[in-house]
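Student: One structure, as structure tokens, below. Some questions next.
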Amino acid sequence: MQKYILKAEKRTILGSKVKQLRRTGVVPANLFGKTIDSQAIQVNAVEFNRVYKEAGETSLVWVKLEGEEKERPTLITSVHFNPVTSAKLHVDFHQVNLKEKVTADVPVEIVGESELITTNEAVLSQSLNEIEIEALPTDIPESIVFDISSLKAIGDHLLVSDAKVSAEVEVKTDPEQMVVSLQEPQKEEEPLVVEEEVADDATGAEAPAEGGDAEKPAEGDEVKHEEAPKE
């Protein structure tokens, strides 16, 4: 298993002033854990992006904090992004005990092919993207694989209970929750054609003036006329 090491420094800039750090290519972060006090730290943006791309939130990241000899085993538990630029705004590192189990959300990975999807007779509907598990930090899988080649007919599906994980991993998500299923493709609706009514000039009927009432008052209806004001 590859060991991911990330250098970090103690952070003294807090609050809204952390914008200064981001402008210089530094990502503000926090380091917390069950047996340690939360610490404000900072990491190089380029180095963090490299490690995060490979380790994600399921592999151990060993944080080498400035001034310390030993590296700290951590899991990246939260990354905040800029909604416009996707730049990393803040990161949380959870320091873990390698001998104690932790919970983690592991991404679902779809493999294999279904013949109905290949022939465009069905589409794959994915209801779940992550599955919560509990395991020792060193036993957390990078992903949980579901093979859709077993899906043969519309309505066929795979549940969380179909997940194949090692004996060291306990699945916490409801086993009856659906992960993927085969659905009928949506049919394209034909455009609605509106037929325009053509007036029959042969009848000699005149269209009512714009803003006027096409109907005459029924017999017996009282018609009121406003009198001109007297001067």
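Let's see how each residue does on (1) hydroxyl-bearing (S, T, Y); (2) part of a loop (DSSP other than H, G, I, E, B); (3) within 23 Å of L14 (Cβ to Cβ); (4) not assigned by TED's automatic domain parsing to the domain that holds I154:
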{"position": "R50", "(1), (2), (3), (4)": "no, no, no, yes"}
{"position": "K64", "(1), (2), (3), (4)": "no, no, yes, yes"}
{"position": "E69", "(1), (2), (3), (4)": "no, yes, no, yes"}
{"position": "V79", "(1), (2), (3), (4)": "no, no, yes, yes"}
{"position": "T85", "(1), (2), (3), (4)": "yes, yes, yes, yes"}
{"position": "L89", "(1), (2), (3), (4)": "no, no, yes, yes"}
{"position": "E121", "(1), (2), (3), (4)": "no, yes, no, no"}
{"position": "E134", "(1), (2), (3), (4)": "no, no, no, no"}
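Student: Something else: Tell me, yes or no, whether the range 16-31 has at least one residue that is closer than 30 Å to E168 by Cα, touching an Asp or Glu at 6+ places or on another chain (Cβ under 9 Å), surrounded by 14 or more Cβ atoms within 10 Å (Cβ to Cβ) and of a type in the set (A, V, I, L, M, F, W, C).
Tutor: Within the range 16-31 (the criterion being closer than 30 Å to E168 by Cα, touching an Asp or Glu at 6+ places or on another chain (Cβ under 9 Å), surrounded by 14 or more Cβ atoms within 10 Å (Cβ to Cβ) and of a type in the set (A, V, I, L, M, F, W, C)), the answer is yes, since at least one residue qualifies.
Student: Something else: Quick one: L75 ticks every box in (1) of a type outside the set (G, A, S); (2) part of a loop (DSSP other than H, G, I, E, B); (3) more than 26 Å from R23 (Cβ to Cβ); (4) outside the structural domain of T138 (by TED's automatic domain parsing) bar one, so which box is it?
Tutor: (2)
Student: Go through the range 131-162 and report how many residues are touching a Leu at 6+ places or on another chain (Cβ under 6 Å) and farther than 21 Å from K99 by Cα.
Tutor: Residues that pass the stated criteria total 4.
The values are calculated or read from the model by the stated rules, or taken from the named source; none is laboratory data. Keep in mind that what you see is a predicted model, and the values were worked out from it rather than measured. All Cβ positions, glycine included, derive from the backbone under ideal geometry; neighbour counts span all protein chains shown.
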